[in-house]
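The values are calculated or read from the model by the stated rules, or taken from the named source; none is laboratory data. Keep in mind it's a predicted model, so treat the numbers as computed, not measured. Cβ sites come from the backbone with ideal geometry, for glycine too, and all protein chains shown count toward neighbours. In case anyone asks, the SASA skips ligands and DNA or RNA and just uses the protein heavy atoms, side chains included. Shrake-Rupley method; radii C 1.70, N 1.55, O 1.52, S 1.80 Å.
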Amino acid sequence: MGCFDRPRRVVVVGAGLGGTATAIRFLQFAREPLEIVLLERRSEYRNAGVAYHRVGNHWHHVFNIQAGRMSAFRENVDDFVLWANHEADRSGWPPEWSEFEFTESGPAPRRIYQDYLACRLAEAASEALPGVRLIEADGEAVDVEVVTNHVHVAVENSAGRVVLEADHAILATGLETRFPAFATGVLGHPAFVRHPYSESGLERILGVRPDAVVAIVGTLLTAYDQAALLLRRGHAGTIHMISRSGLTLRTYPPDHQHRVITLPPPQLRDDSYEGREHLVRCFQAEWERACAAVAREYPEVPPVVISERVSKSWEPHLPEILGRIPSFDLQALLDRYGSLLATLRVCAVAYTTEIVDAAMAGDAQVVRTVGRVDDIHGTESGTLVLSVSGPAPVRTIEADLVISNFGRESDYERVDSTLWANLLRNKIACSHRRTGRGVEVDDCGRLLGPAGGPSGPISVVGSPREGDEIVRNGRTGAFTFNLAAIKNHSVTVAATVLRQIESCYDGGVDGIDVPGQKVEKSIMLEVRRMVTRRRADRQQLTARLEGSLQLVLPENGAPPLTHRALRAAVNAAATTRLTDLSVTPRDLRSQLGLERPDEVDHRTTVPTREIGK
């Protein structure tokens with residue numbers, strides 16, 4: 001039992017992708033009675049977050065990456081495509097998608113992801129072991145108090161303020177938006193759309209006159225989303241896309257498949273640091289050398305994808321390189337080159353990019369402007385005027401509608417969140433020191449305080465871990481929407497928390513090594529138990545796992561392990577294998593032996609319409 005003579009309880013704050021994926025893993029992994037409270041402050045965001053919710057994403061808004069990379073389970077790469085083709089309820093879908101056959105390399109509308117995650121969450125709840133149950137609750141978490149070995153989560157909702165007592169809290173709060181200082185005077189203006197991925201924002205975009213002049217602040221994903229939406233609906237007016245970098249999205253080849261190649265690490269001469277400019281020059285030279293090597297040694301790689309291959313192959317080497325750079329310089333480099341790194345690391349599917357690029361290159365209906373939007377003010381006629389400064393002299397653009405970019409805020413000292421403000425003020429959390437992005441966590445996602453130690457039973461999933469992902473894993477571009485990292489967070493956090501709170505584990509053995517080849521069978525059985533989605537199959541694998549553990553003996557001279565300690569060590573080893581980012585999801589599945597004939601079928605046979613009945 002947990003604290004206060006109740007079953008163990010975890011509270012997951014945020015029910016977007018990160019929170020929902022983590023709740024699914026708790027439901028799959030838990031071996032003892034457990035209550036998982038999945039808390040969401042906005043009902044339309046449940047099982048979706050801002051990126052995927054239906055009311056803010058039009059059918060023309062598709063994933064920037066291929067449908068085959070959207071599975072909620074890295075070990076089961078085809079799951080989303082299989083669901084979309086065979087399980088999704090397509091009633092109400094528009095003709096463009098109602099008969100569409102989804103493929104690994106093709107597009108898919110973002111708004112259907114909410115149904116997919118909800119389906120997989122319901123399935124996990126129905127297939128959980130006895131005593132393991134999901135509670136989906138509405139409300140906003142505004143504070144977390146650490147009380148000895150548990151937490152009190154303060155929640156505000158329509159009924160008032162309540163406090164949830166829990167053995168662990170998981171913060172999956174998602175993206176934080178930046179205040180658009182350039183638009184302070186027009187935030188309430190009917191021609192200014194601050195939140196394009198909201199119901200009201202989408203309505204205003206769809207309601208604009210076909211010949212209207214539209215200005216979009218940004219030139220990357222948000223800008224392409226909104227420009228493509230307007231163009232597909234026959235918009236005839238000029239569309240301005242404005243950003244300081246002027247960078248645009250690159251397009252994936254039609255048959256693109258994700259791959260990881262091995263390249264030598266960048267050779268930066270020695271371990272010294274001679275300043276930002278010197279580092280950039282050396283890095284650029286190494287980058288050009290690596291791109292040339294890929295073009296020469298991997299001729300099958302399309303030129304547009306070469307930078308993605310190099311970026312991915314260098315990630316394991318970047319933490320050591322970044323460790324040489326003083327924090328002030330590192331933050332300046334990330335600020336200056338962050339957008340460039342994102343465009344080098346990730347492209348977008350042709351469904352979104354081609355129509356915009358064609359309008360940009362042809363009759364210049366889409367006009368790209370390089371510069372910073374300094375101010376927006378209204379006119380007597382109801383239009384808005386943008387003042388843009390940059391390489392060219394200051395210019396103005398008058399528009400009938402202005403759409404703000406997403407404006408992500410990475411500095412948690414500045415985010416508009418009561419929860420994070422309280423956690424920082426009470427020194428339960430601290431901003432990431434090295435990068436100034438996100439908050440400090442350890443390698444398992446546990447929240448760290450200013451003194452550097454865990455603040456208590458609190459873990460973090462998703463975007464608040466941006467700075468840690470940069471310095472620990474070398475993920476310097478496009479992290480916020482990097483599903484692989486978020487899905488791995490969900491696995492690691494759920495497994496780590498359960499090792500701490502379930503009585504079948506010795507929670508203090510995360511750092512020990514398991515004894516060689518004798519335990520290999522147990523580790524692979526634990527991998528299969530963790531990824532199996534049917535309760536009966538999971539119970540069979542648990543019995544086989546327990547039998548294999550009885551046969552594991554310590555190596556000569558090694559101290560004996562208790563059964564609970566061995567079980568925890570095996571689980572930790574299995575978790576490490578499940579979260580290996582050095583390979584693609586398809587290669588991971590093969591590497592884990594999940595393609596062999598004796599594997600347990602991960603797909604559900606329950607039709608979508610019956611889930612939750």
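The number of residues in region 415-439 that are more than 20 Å from Glu469 (Cα to Cα) and basic (Lys, Arg) comes to 2. When residues in region 146-160 are screened for being loosely packed, with under 15 Cβ neighbours inside 10 Å and of a type outside the set (Ser, Thr, Tyr), 5 of them pass. Do we have Leu344 as open to solvent by less than 50 Å² (accessible area, probe 1.4 Å), farther than 18 Å from Arg250 by Cβ and under 24 Å from the mean Cα position of the chain (by Cα) here? The answer is no for Leu344.
Filtering region 27-46 to residues that are of a type in the set (S, T, N, Q) and at pLDDT below 95 leaves only Ser43. Pairs are defined by a Cβ separation below 7 Å, a sequence spacing of at least 6 or placement on different chains, a first member in region 314-334 that is among the charged types (D, E, K, R), and a second member that is not in a helix (DSSP H, G or I); the pairs so defined are Glu315/Gly474; Glu315/Arg475; Arg324/Asp271; Arg324/Tyr273. Scanning region 290-305 for residues that are in contact with a helix residue (DSSP H, G or I) (Cβ under 7 Å, 6 or more places away or on another chain), touching a residue at least 12 places away in the same chain (Cβ under 8 Å) and open to solvent by 20 Å² or more (accessible area, probe 1.4 Å) yields a single hit, Cys291.
No other residue among Val552, Val527 is surrounded by 15 or more Cβ atoms within 10 Å (Cβ to Cβ) and modelled with pLDDT under 85 apart from Val552.
Yes/no matrix, rows are residues, columns are (1) at pLDDT 95 or above; (2) within 18 Å of Pro266 (Cα to Cα):
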| residue | (1), (2) |
| --- | --- |
| Glu288 | yes, yes |
| Ala293 | yes, yes |
| Pro303 | yes, no |
| Ile306 | yes, yes |
| Lys312 | no, yes |
| Pro316 | no, yes |
| Ile321 | no, yes |
| Ser327 | yes, no |
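In region 267-313, the qualifying residues are those that are under 26 Å from Arg324 (Cα atoms), among the acidic types (Asp, Glu) and in a helix (DSSP H, G or I), and the one that is farthest from the chain's Cα centre (by Cα) is Glu277.
The listed residues are Phe100, Phe73, and the only one of them that is in a loop (DSSP other than H, G, I, E, B) and open to solvent by 50 Å² or more (accessible area, probe 1.4 Å) turns out to be Phe100.
Checking each residue of region 331-341 against the condition of being touching a strand residue (DSSP E or B) at 6+ places or on another chain (Cβ under 9 Å) and either surrounded by 13 or more Cβ atoms within 10 Å (Cβ to Cβ) or assigned to a strand (DSSP E or B) (or both) gives at least one match.
For (1) in contact with a Gly (Cβ under 9 Å, 6 or more places away or on another chain); (2) small (Gly, Ala, Ser), each residue gets a yes or a no:
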{"position": "Ala227", "(1), (2)": "no, yes"}
{"position": "Met241", "(1), (2)": "yes, no"}
{"position": "Arg244", "(1), (2)": "yes, no"}
{"position": "Pro265", "(1), (2)": "no, no"}
{"position": "Phe283", "(1), (2)": "no, no"}
{"position": "Trp287", "(1), (2)": "no, no"}
{"position": "Val305", "(1), (2)": "no, no"}
{"position": "Val310", "(1), (2)": "no, no"}
{"position": "Glu315", "(1), (2)": "yes, no"}
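Counting only residues that are aliphatic (A, V, I, L, M) and assigned to a loop (DSSP other than H, G, I, E, B), region 5-23 holds 1 of them. Taking region 265-288 as the range and being without any contact (Cβ under 8 Å) to a residue 24 or more places away in the chain and open to solvent by less than 100 Å² (accessible area, probe 1.4 Å) as the test, the residues that pass are Asp270, His278, Cys282, Phe283, Ala285, Glu286, Trp287.
Residues satisfying the criterion are present in region 351-367 (criterion: surrounded by fewer than 19 Cβ atoms within 10 Å (Cβ to Cβ), assigned to a strand (DSSP E or B) and not acidic (Asp, Glu)). Check region 161-172 and report whether any residue there is under 19 Å from Val11 (Cα atoms), at pLDDT below 95 and among the small types (Gly, Ala, Ser). Checked region 161-172: no residue is under 19 Å from Val11 (Cα atoms), at pLDDT below 95 and among the small types (Gly, Ala, Ser). Residue count for region 177-205 satisfying the condition of being within 30 Å of Asn488 (Cα to Cα) and touching a strand residue (DSSP E or B) at 6+ places or on another chain (Cβ under 7 Å): 3. Each residue in region 437-453 was checked for being open to solvent by 20 Å² or more (accessible area, probe 1.4 Å), of a type outside the set (A, V, I, L, M, F, W, C) and in a loop (DSSP other than H, G, I, E, B), and 7 of them qualify.
Tell me, which residue of region 24-46 that is assigned to a loop (DSSP other than H, G, I, E, B) and touching a residue at least 24 places away in the same chain (Cβ under 8 Å) is most open to solvent (accessible area, probe 1.4 Å)? Checked region 24-46; the qualifying residue most open to solvent (accessible area, probe 1.4 Å) is Arg41.
Taking region 161-177 as the range and being out of contact with any Lys or Arg (no Cβ under 6 Å at 6 or more places or on another chain), in a strand (DSSP E or B) and among the hydrophobic types (A, V, I, L, M, F, W, C) as the test, the residues that pass are Val162, Val163, Leu164, Ala169, Ile170, Leu171. Just give me the residues in region 51-70 being outside any loop (DSSP other than H, G, I, E, B), open to solvent by less than 30 Å² (accessible area, probe 1.4 Å) and farther than 22 Å from Thr579 by Cα, in sequence order. Once the filter is applied, which keeps residues that are outside any loop (DSSP other than H, G, I, E, B), open to solvent by less than 30 Å² (accessible area, probe 1.4 Å) and farther than 22 Å from Thr579 by Cα, region 51-70 yields Ala51, Tyr52, Gly56, Val62.
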